[in-house]
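The values are calculated or read from the model by the stated rules, or taken from the named source; none is laboratory data. What you see is a predicted model; the values in this text were computed from it and never measured. Here the Cβ is made from the backbone with ideal geometry for all residues, glycine too, and neighbour counts use every protein chain on show.
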Ligand code: SAM
Ligand code: SF4
(Lines give C-alpha, C1' and ligand atoms only; values in the text may rest on other atoms or scores of the structure.)
(Ligands and ions follow the chains in the order given, each with its own letter.)
Protein backbone atom coordinates (compact mmCIF):
# COMPACT_ATOMS: atom_id res chain seq x y z
CA UNK A 1 0.00 0.00 0.00
CA UNK A 2 1.05 3.62 -0.47
CA UNK A 3 1.86 5.85 2.51
CA UNK A 4 1.04 9.56 2.65
CA UNK A 5 4.29 10.34 0.79
CA UNK A 6 3.46 7.98 -2.09
CA UNK A 7 6.00 5.33 -1.08
CA UNK A 8 4.93 1.76 -1.85
CA UNK A 9 5.23 -0.22 1.38
CA UNK A 10 5.59 -3.88 0.40
CA UNK A 11 8.21 -5.24 2.80
CA UNK A 12 7.78 -6.28 6.47
CA UNK A 13 10.61 -7.20 8.83
CA UNK A 14 9.26 -9.46 11.57
CA UNK A 15 11.25 -9.93 14.76
CA UNK A 16 10.53 -13.40 16.14
CA UNK A 17 12.25 -12.95 19.49
CA UNK A 18 14.26 -10.44 21.51
CA UNK A 19 16.56 -13.24 22.69
CA UNK A 20 20.04 -13.71 21.28
CA UNK A 21 22.99 -16.05 21.77
CA UNK A 22 25.48 -13.22 21.05
CA UNK A 23 25.92 -9.83 22.69
CA UNK A 24 27.21 -7.62 19.86
CA UNK A 25 28.58 -4.43 21.39
CA UNK A 26 26.50 -2.11 19.18
CA UNK A 27 23.29 -4.07 19.61
CA UNK A 28 22.89 -5.48 23.11
CA UNK A 29 24.39 -4.67 26.52
CA UNK A 30 26.77 -7.27 27.97
CA UNK A 31 24.32 -8.29 30.69
CA UNK A 32 21.54 -8.67 28.11
CA UNK A 33 18.20 -6.89 28.32
CA UNK A 34 15.04 -7.44 30.30
CA UNK A 35 13.48 -10.11 28.13
CA UNK A 36 9.88 -10.29 27.03
CA UNK A 37 7.88 -13.01 28.73
CA UNK A 38 6.45 -15.91 26.77
CA UNK A 39 2.98 -14.31 26.96
CA UNK A 40 4.18 -10.98 25.59
CA UNK A 41 5.60 -12.54 22.43
CA UNK A 42 3.28 -13.08 19.49
CA UNK A 43 2.63 -16.76 18.87
CA UNK A 44 2.93 -18.22 15.37
CA UNK A 45 -0.83 -18.20 14.88
CA UNK A 46 -0.89 -14.45 15.56
CA UNK A 47 2.09 -13.84 13.27
CA UNK A 48 0.46 -15.83 10.47
CA UNK A 49 -2.79 -13.95 10.85
CA UNK A 50 -0.92 -10.65 10.56
CA UNK A 51 1.04 -11.93 7.53
CA UNK A 52 -2.25 -12.72 5.81
CA UNK A 53 -3.48 -9.18 6.51
CA UNK A 54 -0.14 -7.70 5.39
CA UNK A 55 -0.46 -9.65 2.13
CA UNK A 56 -4.01 -8.34 1.66
CA UNK A 57 -2.56 -4.84 2.03
CA UNK A 58 -0.01 -5.48 -0.71
CA UNK A 59 3.05 -6.63 1.26
CA UNK A 60 5.09 -9.03 -0.86
CA UNK A 61 8.29 -9.63 1.07
CA UNK A 62 8.79 -10.83 4.64
CA UNK A 63 12.12 -10.86 6.46
CA UNK A 64 12.38 -12.86 9.68
CA UNK A 65 14.80 -11.40 12.18
CA UNK A 66 15.37 -11.15 15.95
CA UNK A 67 17.20 -10.89 18.34
CA UNK A 68 18.43 -14.11 16.86
CA UNK A 69 15.52 -15.72 14.98
CA UNK A 70 17.06 -19.19 15.26
CA UNK A 71 16.76 -18.93 19.06
CA UNK A 72 13.04 -19.52 18.50
CA UNK A 73 11.87 -23.08 17.86
CA UNK A 74 10.19 -24.28 14.67
CA UNK A 75 11.11 -21.29 12.49
CA UNK A 76 11.20 -23.52 9.37
CA UNK A 77 7.57 -24.51 9.96
CA UNK A 78 6.61 -20.85 10.20
CA UNK A 79 8.44 -20.05 6.96
CA UNK A 80 6.61 -22.84 5.17
CA UNK A 81 3.25 -21.48 6.32
CA UNK A 82 4.06 -17.85 5.45
CA UNK A 83 5.09 -19.00 1.98
CA UNK A 84 1.65 -20.52 1.48
CA UNK A 85 -0.05 -17.12 1.88
CA UNK A 86 -1.18 -15.82 -1.54
CA UNK A 87 0.59 -12.57 -2.38
CA UNK A 88 3.74 -13.27 -0.36
CA UNK A 89 6.49 -13.64 -2.94
CA UNK A 90 9.58 -13.88 -0.79
CA UNK A 91 10.47 -14.98 2.74
CA UNK A 92 14.05 -14.37 3.88
CA UNK A 93 15.94 -14.61 7.17
CA UNK A 94 18.74 -12.67 8.84
CA UNK A 95 20.85 -14.57 11.37
CA UNK A 96 24.16 -14.43 13.19
CA UNK A 97 24.79 -17.89 11.74
CA UNK A 98 25.82 -19.54 15.01
CA UNK A 99 23.17 -22.29 14.90
CA UNK A 100 22.68 -22.41 11.15
CA UNK A 101 24.05 -25.94 10.62
CA UNK A 102 21.36 -27.29 12.95
CA UNK A 103 18.55 -25.85 10.85
CA UNK A 104 20.02 -25.47 7.35
CA UNK A 105 18.25 -28.40 5.72
CA UNK A 106 14.86 -27.68 7.23
CA UNK A 107 15.12 -23.98 6.35
CA UNK A 108 16.04 -24.85 2.75
CA UNK A 109 13.30 -27.47 2.50
CA UNK A 110 10.77 -24.96 3.86
CA UNK A 111 11.48 -22.81 0.80
CA UNK A 112 13.42 -19.97 2.44
CA UNK A 113 14.23 -17.64 -0.47
CA UNK A 114 17.48 -16.08 0.79
CA UNK A 115 19.59 -15.70 3.90
CA UNK A 116 21.70 -12.88 5.36
CA UNK A 117 24.45 -13.84 7.77
CA UNK A 118 26.00 -11.17 9.98
CA UNK A 119 29.77 -11.14 10.32
CA UNK A 120 31.90 -8.16 11.30
CA UNK A 121 35.42 -9.58 11.15
CA UNK A 122 37.42 -12.73 10.41
CA UNK A 123 39.79 -11.95 13.27
CA UNK A 124 39.03 -14.43 16.04
CA UNK A 125 39.98 -12.17 18.96
CA UNK A 126 38.18 -9.16 17.58
CA UNK A 127 35.10 -11.26 16.75
CA UNK A 128 35.04 -12.36 20.39
CA UNK A 129 35.38 -8.75 21.52
CA UNK A 130 32.59 -7.54 19.24
CA UNK A 131 30.10 -10.36 19.89
CA UNK A 132 31.32 -11.23 23.41
CA UNK A 133 31.23 -14.89 22.39
CA UNK A 134 33.95 -17.19 20.98
CA UNK A 135 32.09 -18.68 18.02
CA UNK A 136 33.79 -17.34 14.89
CA UNK A 137 34.86 -20.81 13.67
CA UNK A 138 31.30 -22.07 13.89
CA UNK A 139 29.90 -19.08 12.01
CA UNK A 140 32.53 -19.35 9.28
CA UNK A 141 31.86 -23.06 8.83
CA UNK A 142 28.14 -22.26 8.53
CA UNK A 143 28.78 -19.55 5.94
CA UNK A 144 30.74 -22.09 3.88
CA UNK A 145 27.96 -24.66 4.36
CA UNK A 146 25.35 -22.18 3.10
CA UNK A 147 27.49 -20.87 0.23
CA UNK A 148 28.56 -24.31 -1.01
CA UNK A 149 25.13 -25.89 -0.82
CA UNK A 150 23.79 -23.29 -3.31
CA UNK A 151 20.23 -23.78 -2.09
CA UNK A 152 19.52 -20.04 -1.89
CA UNK A 153 21.30 -16.69 -2.29
CA UNK A 154 23.56 -15.86 0.67
CA UNK A 155 24.60 -12.36 1.72
CA UNK A 156 27.00 -11.32 4.44
CA UNK A 157 26.18 -8.20 6.48
CA UNK A 158 29.09 -6.42 8.14
CA UNK A 159 28.98 -3.26 10.28
CA UNK A 160 32.29 -1.37 9.93
CA UNK A 161 33.57 0.25 13.12
CA UNK A 162 37.37 0.22 12.99
CA UNK A 163 40.13 -0.72 10.58
CA UNK A 164 41.26 -3.56 12.83
CA UNK A 165 38.23 -5.50 11.53
CA UNK A 166 40.28 -5.95 8.32
CA UNK A 167 37.24 -5.28 6.21
CA UNK A 168 39.11 -6.49 3.11
CA UNK A 169 39.22 -9.96 4.69
CA UNK A 170 35.44 -9.92 5.19
CA UNK A 171 35.09 -8.73 1.57
CA UNK A 172 37.27 -11.65 0.43
CA UNK A 173 34.36 -14.02 1.14
CA UNK A 174 32.88 -12.63 -2.10
CA UNK A 175 36.11 -13.57 -3.86
CA UNK A 176 36.04 -17.17 -2.72
CA UNK A 177 32.28 -17.76 -2.91
CA UNK A 178 29.40 -16.60 -5.06
CA UNK A 179 27.94 -14.47 -2.27
CA UNK A 180 27.54 -10.72 -1.80
CA UNK A 181 29.21 -8.93 1.11
CA UNK A 182 27.44 -5.78 2.29
CA UNK A 183 28.84 -3.10 4.56
CA UNK A 184 26.11 -1.50 6.67
CA UNK A 185 26.73 1.85 8.29
CA UNK A 186 26.24 1.90 12.04
CA UNK A 187 23.01 3.61 12.97
CA UNK A 188 22.68 5.66 16.18
CA UNK A 189 20.08 3.34 17.71
CA UNK A 190 20.53 1.84 21.19
CA UNK A 191 24.19 0.93 21.84
CA UNK A 192 24.97 2.08 18.29
CA UNK A 193 24.82 5.67 19.59
CA UNK A 194 28.08 5.14 21.48
CA UNK A 195 30.18 4.52 18.36
CA UNK A 196 32.23 6.92 16.35
CA UNK A 197 30.95 7.18 12.81
CA UNK A 198 32.83 5.00 10.29
CA UNK A 199 31.83 6.14 6.82
CA UNK A 200 31.23 4.28 3.58
CA UNK A 201 34.10 6.30 2.09
CA UNK A 202 36.49 5.03 4.78
CA UNK A 203 35.43 1.44 4.03
CA UNK A 204 35.83 1.92 0.28
CA UNK A 205 39.31 3.41 0.80
CA UNK A 206 40.39 0.35 2.81
CA UNK A 207 39.05 -2.05 0.18
CA UNK A 208 40.58 -0.13 -2.73
CA UNK A 209 43.96 -0.07 -1.04
CA UNK A 210 43.89 -3.87 -1.10
CA UNK A 211 41.96 -4.71 -4.30
CA UNK A 212 42.15 -1.66 -6.56
CA UNK A 213 39.29 0.48 -7.81
CA UNK A 214 35.75 -0.71 -7.01
CA UNK A 215 33.56 -0.57 -10.12
CA UNK A 216 29.91 0.46 -9.75
CA UNK A 217 27.56 -2.35 -10.69
CA UNK A 218 24.99 -1.36 -13.30
CA UNK A 219 22.90 -4.52 -12.92
CA UNK A 220 19.99 -4.04 -10.46
CA UNK A 221 20.59 -6.38 -7.51
CA UNK A 222 18.03 -7.12 -4.81
CA UNK A 223 15.18 -4.80 -3.97
CA UNK A 224 16.63 -2.96 -1.01
CA UNK A 225 18.74 0.15 -0.53
CA UNK A 226 22.16 -1.48 -1.14
CA UNK A 227 24.42 -0.03 -3.84
CA UNK A 228 26.70 -2.65 -5.34
CA UNK A 229 30.26 -2.62 -6.69
CA UNK A 230 32.45 -5.19 -8.42
CA UNK A 231 36.05 -6.13 -7.79
CA UNK A 232 38.04 -7.87 -10.53
CA UNK A 233 38.35 -11.59 -9.85
CA UNK A 234 35.51 -11.66 -7.30
CA UNK A 235 32.56 -14.03 -7.74
CA UNK A 236 30.16 -11.96 -5.63
CA UNK A 237 29.56 -8.21 -5.34
CA UNK A 238 30.33 -5.72 -2.60
CA UNK A 239 27.36 -3.71 -1.34
CA UNK A 240 26.94 -0.62 0.78
CA UNK A 241 23.90 0.30 2.84
CA UNK A 242 24.58 3.77 4.15
CA UNK A 243 21.49 4.99 5.92
CA UNK A 244 23.34 7.83 7.64
CA UNK A 245 25.65 9.28 4.99
CA UNK A 246 23.51 8.40 1.95
CA UNK A 247 19.97 8.64 3.27
CA UNK A 248 17.42 6.63 1.26
CA UNK A 249 14.21 7.41 3.20
CA UNK A 250 12.43 8.64 0.05
CA UNK A 251 12.74 5.07 -1.27
CA UNK A 252 11.80 3.37 2.01
CA UNK A 253 9.46 0.43 1.38
CA UNK A 254 9.41 -1.20 4.81
CA UNK A 255 7.71 -1.52 8.16
CA UNK A 256 8.75 -3.58 11.17
CA UNK A 257 6.87 -5.82 13.58
CA UNK A 258 8.53 -6.33 16.96
CA UNK A 259 8.34 -9.68 18.76
CA UNK A 260 5.68 -8.27 21.11
CA UNK A 261 3.51 -7.03 18.27
CA UNK A 262 4.32 -3.34 17.84
CA UNK A 263 4.10 -2.30 14.20
CA UNK A 264 6.92 0.18 13.83
CA UNK A 265 6.86 2.49 10.84
CA UNK A 266 10.33 4.09 11.02
CA UNK A 267 13.58 2.80 12.53
CA UNK A 268 14.33 6.04 14.33
CA UNK A 269 11.00 6.85 15.92
CA UNK A 270 8.82 5.15 18.45
CA UNK A 271 5.89 5.53 16.03
CA UNK A 272 3.37 2.93 14.94
CA UNK A 273 0.63 0.84 16.46
CA UNK A 274 0.36 -1.87 19.13
CA UNK A 275 -1.25 -4.84 17.39
CA UNK A 276 -1.10 -7.39 20.22
CA UNK A 277 -3.93 -5.83 22.28
CA UNK A 278 -6.10 -5.83 19.15
CA UNK A 279 -5.21 -9.44 18.32
CA UNK A 280 -5.99 -10.56 21.85
CA UNK A 281 -9.19 -8.52 22.14
CA UNK A 282 -10.47 -10.51 19.19
CA UNK A 283 -10.46 -7.58 16.77
CA UNK A 284 -11.78 -8.52 13.34
CA UNK A 285 -9.46 -8.73 10.33
CA UNK A 286 -11.04 -5.52 9.09
CA UNK A 287 -10.24 -3.71 12.36
CA UNK A 288 -6.64 -4.93 12.26
CA UNK A 289 -6.34 -3.90 8.65
CA UNK A 290 -7.61 -0.40 9.42
CA UNK A 291 -5.17 -0.01 12.33
CA UNK A 292 -2.27 -1.09 10.10
CA UNK A 293 -3.36 1.16 7.24
CA UNK A 294 -3.67 4.18 9.55
CA UNK A 295 -0.16 3.58 10.95
CA UNK A 296 1.41 3.13 7.51
CA UNK A 297 -0.28 6.25 6.17
CA UNK A 298 1.44 8.24 8.94
CA UNK A 299 4.89 6.69 8.39
CA UNK A 300 7.46 9.48 9.03
CA UNK A 301 8.94 10.99 5.88
CA UNK A 302 12.54 10.43 6.96
CA UNK A 303 14.88 9.70 9.83
CA UNK A 304 16.89 12.54 11.34
CA UNK A 305 19.91 10.64 12.63
CA UNK A 306 22.02 13.70 11.88
CA UNK A 307 20.08 15.82 14.39
CA UNK A 308 20.15 15.90 18.18
CA UNK A 309 18.06 13.36 20.08
CA UNK A 310 14.33 14.14 20.24
CA UNK A 311 11.62 13.02 22.64
CA UNK A 312 9.97 10.58 20.24
CA UNK A 313 13.27 8.86 19.33
CA UNK A 314 13.32 5.07 19.62
CA UNK A 315 14.65 3.95 23.01
CA UNK A 316 14.92 0.23 22.21
CA UNK A 317 18.10 -1.64 21.27
CA UNK A 318 18.44 -2.99 17.76
CA UNK A 319 18.03 -6.53 19.15
CA UNK A 320 14.49 -5.54 20.16
CA UNK A 321 13.73 -4.15 16.71
CA UNK A 322 15.43 -6.55 14.34
CA UNK A 323 17.67 -4.25 12.33
N1 LIG B 1 20.69 -11.66 15.10
C2 LIG B 1 20.49 -11.49 13.72
C3 LIG B 1 21.73 -10.97 13.03
O4 LIG B 1 22.67 -10.57 13.72
O5 LIG B 1 21.74 -10.95 11.79
C6 LIG B 1 19.30 -10.63 13.36
C7 LIG B 1 19.05 -9.40 14.17
S8 LIG B 1 20.32 -8.15 14.05
C9 LIG B 1 19.62 -6.85 15.03
C10 LIG B 1 20.15 -7.62 12.37
C11 LIG B 1 21.28 -6.78 11.82
O12 LIG B 1 21.28 -5.53 12.49
C13 LIG B 1 22.67 -7.37 12.01
O14 LIG B 1 23.30 -7.49 10.75
C15 LIG B 1 23.38 -6.36 12.87
O16 LIG B 1 24.75 -6.26 12.55
C17 LIG B 1 22.62 -5.09 12.56
N18 LIG B 1 22.71 -4.05 13.57
C19 LIG B 1 22.53 -4.15 14.90
N20 LIG B 1 22.68 -2.94 15.50
C21 LIG B 1 22.97 -2.05 14.51
C22 LIG B 1 23.23 -0.64 14.47
N23 LIG B 1 23.22 0.11 15.56
N24 LIG B 1 23.48 -0.06 13.26
C25 LIG B 1 23.47 -0.81 12.13
N26 LIG B 1 23.23 -2.14 12.10
C27 LIG B 1 22.99 -2.75 13.27
FE1 SF4 C 1 22.31 -10.67 18.49
FE2 SF4 C 1 22.15 -9.95 15.93
FE3 SF4 C 1 22.19 -8.13 17.89
FE4 SF4 C 1 24.39 -9.47 17.42
S5 SF4 C 1 23.38 -8.10 15.98
S6 SF4 C 1 23.47 -9.09 19.46
S7 SF4 C 1 23.61 -11.39 16.81
S8 SF4 C 1 20.61 -9.58 17.54
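Which of (1) under 14 Å from residue 22 (Cβ atoms); (2) surrounded by fewer than 21 Cβ atoms within 10 Å (Cβ to Cβ) is the odd one out, the single condition residue 105 does not satisfy?
Among (1) under 14 Å from residue 22 (Cβ atoms); (2) surrounded by fewer than 21 Cβ atoms within 10 Å (Cβ to Cβ), the lone unmet condition for residue 105 is (1).
When only residues in segment 150-166 that are touching a residue at least 40 places away in the same chain (Cβ under 8 Å) and over 20 Å from residue 237 (Cβ atoms) count, which is surrounded by the most Cβ atoms within 10 Å (Cβ to Cβ)?
If we take residues in segment 150-166 being touching a residue at least 40 places away in the same chain (Cβ under 8 Å) and over 20 Å from residue 237 (Cβ atoms), then 161 is surrounded by the most Cβ atoms within 10 Å (Cβ to Cβ).
When the residues of segment 294-323 are narrowed to those that are surrounded by fewer than 16 Cβ atoms within 10 Å (Cβ to Cβ) and modelled with pLDDT of 90 or more, which ends up farthest from residue 268 (Cα to Cα)?
So the residue we want is 294.
Could you please let me know if residue 13 is within 17 Å of residue 293 (Cα to Cα) and within 15 Å of ligand 1 (Cβ to nearest atom)?
It is true that residue 13 is within 17 Å of residue 293 (Cα to Cα) and within 15 Å of ligand 1 (Cβ to nearest atom).
Of everything in segment 16-49 that's without any contact (Cβ under 8 Å) to a residue 24 or more places away in the chain and over 30 Å from residue 85 (Cβ atoms), which residue is surrounded by the most Cβ atoms within 10 Å (Cβ to Cβ)?
Top of the filtered list is 32.
Please work out which one of (1) out of contact with any strand residue (DSSP E or B) (no Cβ under 7 Å at 6 or more places or on another chain); (2) touching a residue at least 24 places away in the same chain (Cβ under 8 Å); (3) within 15 Å of ligand 1 (Cβ to nearest atom) is the condition residue 94 fails and give its number.
Failing condition for residue 94: (1).
Can you name the helices (runs of 4 or more DSSP H) wholly within segment 6-114 that have at least 2 residues being within 22 Å of residue 133 (Cα to Cα) and within 20 Å of the chain's Cα centre (by Cα)?
100-109
Just the residues that are under 13 Å from residue 162 (Cα atoms) and either away from ligand 2 (no atom under 16 Å from the Cβ) or surrounded by fewer than 19 Cβ atoms within 10 Å (Cβ to Cβ) (or both), please, taken from segment 177-197.
Once the filter is applied, which keeps residues that are under 13 Å from residue 162 (Cα atoms) and either away from ligand 2 (no atom under 16 Å from the Cβ) or surrounded by fewer than 19 Cβ atoms within 10 Å (Cβ to Cβ) (or both), segment 177-197 yields 195, 196, 197.
Just for segment 115-128: of the residues that are surrounded by fewer than 16 Cβ atoms within 10 Å (Cβ to Cβ) and under 25 Å from residue 239 (Cα atoms), which one is nearest to ligand 1 (Cβ to nearest atom)?
Checked segment 115-128; the qualifying residue nearest to ligand 1 (Cβ to nearest atom) is 128.
If I ask for residues that are at pLDDT below 95 and over 19 Å from the mean Cα position of the chain (by Cα), which ones from segment 175-194 would you list?
Answer for segment 175-194, where residues must be at pLDDT below 95 and over 19 Å from the mean Cα position of the chain (by Cα): just 194.
Take segment 250-270 and flag every residue that is without any contact (Cβ under 8 Å) to a residue 60 or more places away in the chain and more than 16 Å from the chain's Cα centre (by Cα).
Passing the criteria: 262, 269, 270.
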